[in-house]
Amino acid sequence: MTDSKYFTTTKKGEIFELKGELNSDKKEKKKEAVKKVIASMTVGKDVSALFPDVVNCMQTDNLELKKLVYLYLMNYAKSQPDMAIMAVNTFVKDCEDTNPLIRALAVRTMGCIRVDKITEYLCEPLRKCLKDEDPYVRKTAAVCVAKLHDINAQLVEDQGFLDQLRELLSDSNPMVVANAVAALSEISDTSPSPAAQMEMNQQTINKLLAALNECTEWGQIFILDALSNYVPKDDREAQSICERVTPRLAHSNAGVVLSAVKVLMKGMEYVGMETEFVTTLQKKLAPPLVTLLSSEPEVQYVALRNINLIVQKRPDILKHEMKVFFVKYNDPIYVKLENWTSYPSATQENIAQVLAELKEYATEVDVDFVRKSVRAIGRCAIKVEQAAERCVSTLLDLIQTKVNYVVQEAIVVIKDIFRKYPNKYESIISTLCENLESLDEPDARASMIWIVGEYAERIDNADELLESFLEGFHDESTQVQLQLLTAIVKLFLKKPTETQELVQQVLSLATQDSDNPDLRDRGYIYWRLLSTDPAAAKEVVLAEKPLISSETDRLEPTLLDELICYIASLASVYHKPPSAFVEGQALVVRRTQLPVRSASGEPGATGATESPVPQQAQPVQQQQSVIPSHDTAMGDLLGDLLSMDLNPQPQQQMSMTPAPQQDMGGMDLLGGGLDSLLGGPSPVAGMPASQASMGGGLGDILGLGISSTTYVPPKQVWLPAPKAKGLEVSGTFSIRQNVRYMDLTLKNNAMAPMGDFAIQFNKNSFGLSPASALQVPSPLSPGQTADVTLPLGTNGPVQKMDPLMNLQVAMKNNIDVFYFSCLIPIHLLFTEDGQMDRKVFLATWKDIPDSNEVQKEIANPNQLDPKGISDKLQQSFIFTIAQRNVDGRDMLYQSLKLTNGIWVLAELKIQPRSPTMTLSLKTRALDVIPQVQQAYELIIANM
Amino acid sequence: MIGGLFIYNHKGEVLISRVYRDDIGRNAVDAFRVNVIHARQQVRSPVTNIARTSFFHIKRSNIWLACVTKQNVNAGLVFEFLNKMVEVMQSYFGKISEDNIKNNFVLIYELLDEILDFGYPQNADTSILKTFITQTGIKAQVTKEEQSQITSQVTGQISWRREGIKYRRNELFLDVLENVNLLMSPQGQVLSAHVAGRIVMKSYLSGMPECKFGINDKLVLDKSGRSDDPSKVSATGKSSIAIDDCTFHQCVRLSKFETEHSISFIPPDGEYELMRYRTTKDISLPFRVIPLVREVGRTKMEVKVVIKSNFKPSLLAQKIEVRIPTPLNTSGVQVICMKGKAKYKASENAIVWKLKRMGGMKESQISAEIELLPSDKKKWSRPPISMNFEVPFAPSGLKVRYLKVFEPKLNYSDHDVIKWVRYIGRSGLYETRC
């Protein structure tokens, strides 16, 4: 009974003593000694010196002693591989024992000894055990295959163990089936070899579903997890799987329930959109999810993290279950915090209740929890307009409590409310101003400064307030400094007369006394802007702000879809794809895609990941939509540059370029730097290509210098000489300096000179027309060729052609009129403003029905990396909006716009080191898709 | 799957360490100790990721149990397993304590070897485990028949019951245990209320009996299955209840419940939890708490609390306890109550009022004057008033309709089985804000 005594042997010379005991003749003494050894092992002492003595005890009839020796072996075999061999004989003999428990024990332990020489001996016994008459031995052997695979994958494949394992899927014993499933799933997860993949067909699925009803709770989890990876053939199969899995929702094991939920969530995607089946299934999902919330706190936590995902994907499921998310006073803090994020969205009906509850929480003790509650109140205000007023008054009540962190958090959210409902609640500004001194967190200070700057005209002492902040300018965090700079500029634009001194002070602080590049650059830009064109400055700085979205905690839709495939697993707890925390996962691509990207989620919800950053005055859209061309006015350009403040990454890049010229002095620095950027290809070419692709504003600006290098297909003969009385016309299309050209080569194969050339286009799908007359050096003497370029406009008469890209051309010379037709490469029609804003992109992608999505495998012959591809495409005005890495594959999200205003959205999946990639296009005008696909292939293959 | 399992005492010393996978090194044991057990701040999540290794932990009394993995494992499974592990250990040696674990470490290693293989949980049913792993060591010599019986049970379809059980008297006990949870606003509005119920069965039945169990669940009663049809509700009246959700012990045939709404099973021997359920509708709340808190100046507070019992006068509630929280800066309390005993417990920052029993439809009240030390600390957060009690009925209204036992192979019938049914309603979190 009192095994604890083994823990207390701390004498010196203990190892020596143990050695003697282990070699004792008395069984009891031996056993005691081994127990002592194990106890020392547990607490971390090194007892590997006793290896031979312990192994000597292995030959025994006493099962308990044997188990202890095995435990020791598993721990130390690796450090003493040569001696471990001594044990092999006993293992092999035990695998032949009449007692199934001993046979299983031997094969189980042997699999845990990671010594190459031993694994060789393991194969034969394992093969026998997989066919053992006793199910207990078979189920142990099934797991052993996975162990062996972990040690030596090649061996497992060569020895045909995988096939034996697959046979076990049809075993009569449910536990054997479950363990075989678990082993196969693990092998196919970790092995890159196609032979190791777990093929699942209807037959195996049926077997699994049958075993599901009979096996242990753990076995059910293994089977359900495997089922969730199966892609049903059609919606009927999906439906029948769902039906057979649904009863599992009533299991008392939360693991079983969550795994079943995963199968059902995926199944619903396959069944299709809003069928009645899906609706009833959704109803069935709610109660078990709520029940999970009354289990142990740890399980509750896992459940809540998953509910968070489920609610985002299918908001309907828990919309009536609001109350279960109300926090209990004694919940552990992690459960309380989690309750928050999973909170289903507030609606007009329940807002009163929610608000009362939230206010209650805001008086709690835990700081984090209180902050989240305050933030949630703000979110309610932004979401439900009718409730905004009540929310604001609740927030004011909270500010009155004067609890420091509550006040600060409240000011941060009030700023968002101001953004959302301008000119509505400004009456409370004075209350806010009272708390100015107590703010010590950068977030709160920045928010307060934003408020003061934004409403400077209504705050009498705005200049005094801002000036007070200015005193400790250098001690503030960057965030506050930037905000202060912007706020004072705003103030100056509103009240220029009184605040000239202030603005000069802040500009000089920002530009001369600061070594933060972000701050310095913004300072210079404002300075220059104010000194060149105050009107433009006003337009830029006081521009109208874009709307902010209420769904700040939402995950990106693709990530959400991916995580839905990982419900119940760690990934769903962390809300990160497994590749983010599991090593070696990148090697293996799992089938983790949901079948259709259903447009669930609330209408209009953008699902963007960034939180609204309202401090900046510039609309986000501007950043991408204004692409400065050579003749753009300086002011516009500055406006565009300014908006880059939102995106610190490119801005830093930006400041790196002019850095060597720093001694040229303040203003020159800016001017010089910019001019050199714009001035032509020379400095731009000098920039490393990696910077050109940094995305955002900078990428566009840099793109300028190289925009002439759009892909130009080789010239083709459009009009052969025999058909045109000796005139041969070949040509192609190109874009240079944002102008589309038709490049023609005219050759005179006739005997007489030619002259008086003219050209005309028939109506065509995109309204292409010659922008000027055809300039051909005439006469064109016999045998002579002339290269001419014809600028094109896109405002000509439109008529849909068949084929779509067909262009009929008439060419006249002094001899005759000739007709020919050619195909316009579609990328000629991509416009330079085809970069969609990220949020708009997401919304549009959701908005376009899935039926308008077309997928195609396209070649990537040079196996370019995503950056290379993105760069290339950008040169042809296919813009990369976002890039993500999912399980080792890179996903590029791109947009392009045609001259007639058609948008095409694209998702490009790039597999490293693969010669193909998958292109999914989504657009409302399906006709252009084949052409766009072609354009992608051409551009990628040819540049 | 699970890469290893560690058990620590409250100081962070390792009591048990079993590693199943090669990717878990010895340093993982220390990583958890340093980052979680010895962490300065309270842990904010039961799942911790340290250097790409994930740790799942639960704490029972002052013992930490942690599972460690480097893979994307099923988190629900891991926590369920940890809880199961605790249950198994408890059934072998009682309370989870440092001494008990040290005293049984060989047994625990044996169990861990059996119920986790390469990190995959295997059969962890104690009644089966006990047939071949015992505290006094493994049964010395077992006959061949016994061996195969053990293995077939471990892997078998009915893994929770062994064959050949015999009783002279076939008897079963059913306990309907309900926890009623309430959160009420100071104004008496029910913010949330639900009953979490469990049906615990003790079965002493011979052979392999087939049981059928019936309750007054609306779903089961109207087989047509439409529970949200309002016309049916009135037709069946109060005699049936609406169960929001229920879960069953693994012995219950779930597919049969799904299709026929009948609860049929072969029960494990001895005590086990047959079913858990949850209801939120038509709960009869046994007590109502009416608080009245008045802050009289900065140094004085007056509290008056009235409790009303709301059930049949013939029934008696027991073990009633009302806990009225007091501010941290309380210096003295004077309590007046007509019934029961009330005491101010400074260490718990609460006035605890206890009543041994109270009949139905009665009312009782307590009033207290609380003196406060002047303090400039932030406002008191006013925790809710909580209440404990036990009543001899099921607040959800659940009734057991029948439990039929069939054992075709042995010569006893349903009538020969002695059956006992008991209803106990207890308070869960029964709180009223004040």
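The values are calculated or read from the model by the stated rules, or taken from the named source; none is laboratory data. Just so it is clear, the model here is predicted, and its values are computed rather than measured. Here Cβ is always computed from backbone atoms with ideal geometry, including for glycine, and neighbour counts include all displayed protein chains. Just the protein is used for accessible areas: all its heavy atoms, side chains included, with ligands, DNA and RNA removed. Shrake-Rupley method; radii C 1.70, N 1.55, O 1.52, S 1.80 Å.
At a glance:
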{"item": "Extension gain, A:R458 back to A:A810 (0.36 nm per residue minus Cα-Cα distance, nm)", "result": "120.1 nm"}
{"item": "Magnitude of the charge dipole, the protein assembly as shown, Cβ model with Lys/Arg +1 and Asp/Glu -1, debye to 20", "result": "5160 debye"}
{"item": "Cut-off 17 Å (backbone N to label point 7 Å along Cα→Cβ of A:Q799), residues of the range A:741-781", "result": "A:760-770"}
{"item": "Sorted peptide list for A:928-934, B:145-151, criterion being average Cβ within 10 angstrom, highest first", "result": "A:928-934, B:145-151"}
{"item": "In order through the range B:273-278: 3J(HN,Hα) via Karplus (6.51 cos²θ - 1.76 cosθ + 1.60), integer Hz, x for Gly, Pro", "result": "9, 6, 7, 10, 8, 9"}
{"item": "Rel. contact order, % - alpha carbon contacts under 8 angstrom, at least six apart, the range A:435-540", "result": "23 percent"}
{"item": "Positive-pole candidate from A:S477, A:N435, A:M448, dipole of the range A:393-529, charges at beta carbon", "result": "A:M448"}
{"item": "Sequence-separation-based contact order of the range B:333-434, relative, with Cα cut under 8 Å and 6+ spacing, percent", "result": "28 percent"}
{"item": "Beta bridges per DSSP with both ends in the protein assembly as shown, % antiparallel, nearest 5", "result": "90 percent"}
{"item": "Positive-pole candidate from A:Q500, A:L905, B:G188, dipole of the protein assembly as shown, charges at beta carbon", "result": "B:G188"}
{"item": "Exposure ranking of A:F91, A:F277 by accessible area [1.4 Å probe, largest first]", "result": "A:F277, A:F91"}
{"item": "Å² of accessible area per residue within the protein assembly as shown, as computed with a 1.4 Å probe and no ligands counted", "result": "41 Å²"}
{"item": "Rounded to the nearest 10 Å², the accessible area of A:S772 at probe 1.4 Å", "result": "50 Å²"}
{"item": "Distance in nm between pseudo-label sites at A:D513 and B:A39 (7 Å out along the Cβ direction from Cα)", "result": "4.2 nm"}
{"item": "Restricting the range B:4-43 to trypsin sites (Lys or Arg not before Pro) in coil, as DSSP defines it, with at most 15 other Cβ within 10 Å", "result": "B:K11, B:R26, B:R40"}
{"item": "Neighbouring partner chain Cβ atoms per residue of A:53-63, average, 10 Å criterion", "result": "1"}
{"item": "Efficiency of FRET from Cβ geometry, A:E17 and B:H10, R₀ 35 Å, rounded to 0.05", "result": "0.65"}
{"item": "Paramagnetic reach from B:R382 (point 7 Å along Cα→Cβ, amide N under 18 Å) across the range B:326-348", "result": "B:326-330"}
{"item": "Distance from the range A:733-784 to the range B:310-328 (C-alpha centre basis), Å", "result": "98 Å"}
{"item": "Summed residue charge, Cβ within 10 Å of A:N173's Cβ, Lys/Arg positive, Asp/Glu negative", "result": "-1"}
{"item": "Averaged over B:159-168, number of beta-carbon atoms from partner chains that fall within 10 Å", "result": "1"}
{"item": "Average other protein chain Cβ within 10 Å of Cβ, residues A:207-217", "result": "4"}
{"item": "Hz values of 3J(HN,Hα) by residue in the range A:349-355 - Karplus curve (6.51, -1.76, 1.60), Gly and Pro given as x", "result": "5, 9, 4, 4, 4, 4, 4"}
{"item": "Cα-Cα over 31 Å, subset of B:K212/B:K308; A:K19/B:K59; A:K283/B:K308; A:K19/B:K102", "result": "B:K212/B:K308; A:K19/B:K59; A:K283/B:K308"}
{"item": "Distance between the range A:906-929 and the range B:1-72 - C-alpha centres, whole angstrom", "result": "44 Å"}
{"item": "Label-reachable residues, the range A:437-459, where backbone N falls under 20 Å from a point 7 Å from A:S477's Cα toward its Cβ", "result": "A:437-453"}
{"item": "Accessible area that becomes buried as B packs against A, both chains, 1.4 Å probe, Å², nearest 100", "result": "8400 Å²"}
{"item": "By accessible area with a 1.4 Å probe, ligands and nucleic acids excluded, highest first: order of B:D30, A:D331", "result": "B:D30, A:D331"}
{"item": "Lys/Arg +1, Asp/Glu -1 at C-beta; the range B:378-434 dipole; positive extreme among B:Y402, B:G425, B:S413", "result": "B:G425"}
{"item": "Length-normalised contact order of chain B in % [C-alpha pairs under 8 Å, at least 6 apart]", "result": "15 percent"}
{"item": "Cβ-Cβ FRET estimate between A:S851 and A:E583, R0 fixed at 41 Å, reported to 0.05", "result": "0.55"}
{"item": "Cβ crowding within 10 Å averaged over residues, with A:77-86, A:741-750 ranked highest first", "result": "A:741-750, A:77-86"}
{"item": "Amide H partners (placed H, <5 Å) of B:R253, local residues excluded", "result": "B:S264"}
{"item": "Relative intensity, log₁₀ I(q)/I(0), of the protein assembly as shown from a Debye sum that treats every alpha carbon as a point, q = 0.05, 0.06, 0.07 Å⁻¹", "result": "-0.51, -0.72, -0.94"}
{"item": "Highest-MSF residue in chain B out of B:L174, B:L372, B:L182 [GNM, Cα springs under 10 Å]", "result": "B:L372"}
{"item": "Lysines with Cα under 28 Å of A:K495, excluding same-chain neighbours fewer than 8 positions away", "result": "A:K415, A:K420, A:K424, A:K538, A:K545"}
{"item": "Inter-site label distance for A:Q504 and A:Q59 at 7 Å from Cα along Cβ, in nm", "result": "10.1 nm"}
